[in-house]
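One structure is given here, and the rest of the page talks about it.
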Amino acid sequence: MPRNIEIKASIARVDALLPKVAAIADRGPVEIAQDDTFFRCDAGRLKLRTLSPSAGELIFYRRADQQGPKESFYHLTPTSEPDRLRETLSLAWGQIGRVQKTRTLFMVGRTRVHLDRVLGLGHFLELEVVLEDDEPLEAGMEEAHEIMARLGVAPSQLIEGAYLDLLTQQQSPR
């Protein structure tokens, strides 16, 4: 199963970080509208990412909900009928939430740099350092820390969990 090292950080504004990311990127920017529907799943997380009416991907992943760089295992299955698949999965497993965002994607070497505007949450930086099959986690973690430093992102900005978790926390009564 493919894996990467992932970090997520809260940022003040995507626009403020955009020039810094562009200065170190090999490719990008690419603007992507994403609508992620999450389903009940005991073995990890299962989401359907809708990119357009005729393009989407079912994504299963497992990762620790902790601050800082963490290993994520994932499996992607493309679909040309995301709405029908959402309906089928909703009937079978039940939806647990939805996350809508606009993502600006850059590539810095093998690292996917996402600048995300998440509806109802705010602005975030996400790094995904794609690992080779037998590559040690530490190599990806070191790369994530280096990119964070180059972008001026402090460890105190790192967040735990997924956007879905943050939205759920925000909506639950205190």
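Here are a few things to note about the model shown:
- Of the options [x] -0.48, -0.65; [y] -0.35, -0.51; [z] -0.31, -0.47, only one is log10 I(q)/I(0) by the Debye sum over Cα atoms at q = 0.09, 0.11 Å⁻¹ as computed from these coordinates, and that is [z].
- If you take the Cα centroid of segment 127-174 and the Cα centroid of segment 1-32, the two points sit 11 Å apart.
- Relative contact order %, the chain, counting alpha carbon pairs below 8 Å whose residues are six or more apart: 32
- Cα shape, segment 1-87, gyration tensor, a/c 1.5 rule: oblate
- Of R110, R49, R86, the one that fluctuates the most in a GNM where the chain has Cα springs shorter than 10 Å: R110
- Among T37, T111, T79: highest mean-square fluctuation, GNM of the chain, C-alpha pairs under 10 Å: T79
- Carbon and sulfur %, accessible surface of the chain computed with the full protein complex present, 1.4 Å: 53
- Shape category assigned to segment 134-174 from the gyration tensor of Cα positions, a/c cut at 1.5: oblate
- Rounded accessible area per residue of the chain, 1.4 Å, Å²: 52
- Restricting segment 123-174 to GluC sites (Glu not before Pro) in coil, as DSSP defines it, with at most 14 other Cβ within 10 Å: E132, E160
The values are calculated or read from the model by the stated rules, or taken from the named source; none is laboratory data. The model shown is predicted, which means the values in this text are computed figures rather than measured ones. Counting neighbours? That spans all protein chains shown, and the Cβs are built from the backbone with ideal geometry, glycine included. Each accessible area value is taken on the protein alone, full model and side chains, heavy atoms only, with ligands, DNA and RNA left out. Shrake-Rupley method; radii C 1.70, N 1.55, O 1.52, S 1.80 Å.
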